[in-house]
C-alpha cells in the first residue's frame, strides 16, 4: 500500500499539483488557461501568479517576477503588430 500511495502523490505533483489549485479546484491554473485560451505567454503569467508563494514560499517574489516577465513579453509582442 505504501508504494501505491507514493505513486499517487508523485502523479499529483505531475498532473494536478496543489500549488496550481489541484484537480478538484474549478480554478486550477491549467483549467483557467485552457478555458480562456490564453496561449503560452499569458498562460505562464497566470501560472506563476497562481502558484506564487504556494509551491515555495521563499520563491514568491521570483514567481511574481516571472509572471511580470511573461506579461511584458506579451505586451511587447502586441506592440510590434
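Contact map, region 52-81: residues that are in contact (Cβ under 8 Å) with a residue 40 or more places away in the chain and on the phi > 0 side of the Ramachandran plot paired with residues that are surrounded by 15 or more Cβ atoms within 10 Å (Cβ to Cβ) and assigned to a helix (DSSP H, G or I), Cβ distance under 8 Å, separation 6+ or inter-chain. No pairs are found.
Against the list (1) within 12 Å of the chain's Cα centre (by Cα); (2) modelled with pLDDT of 65 or more; (3) at positive phi, the condition residue 39 fails is (1).
Entry remark, region 31-53: residues being surrounded by 15 or more Cβ atoms within 10 Å (Cβ to Cβ) and not in a helix (DSSP H, G or I) number 2 in total. Under the condition of being under 12 Å from the mean Cα position of the chain (by Cα) and either assigned to a helix (DSSP H, G or I) or over 24 Å from residue 26 (Cβ atoms) (or both), the residues counted in region 54-69 number 4.
The values are calculated or read from the model by the stated rules, or taken from the named source; none is laboratory data. In this text, all values refer to a predicted model and were calculated from it rather than measured experimentally. Cβ sites come from the backbone with ideal geometry, for glycine too, and all protein chains shown count toward neighbours.
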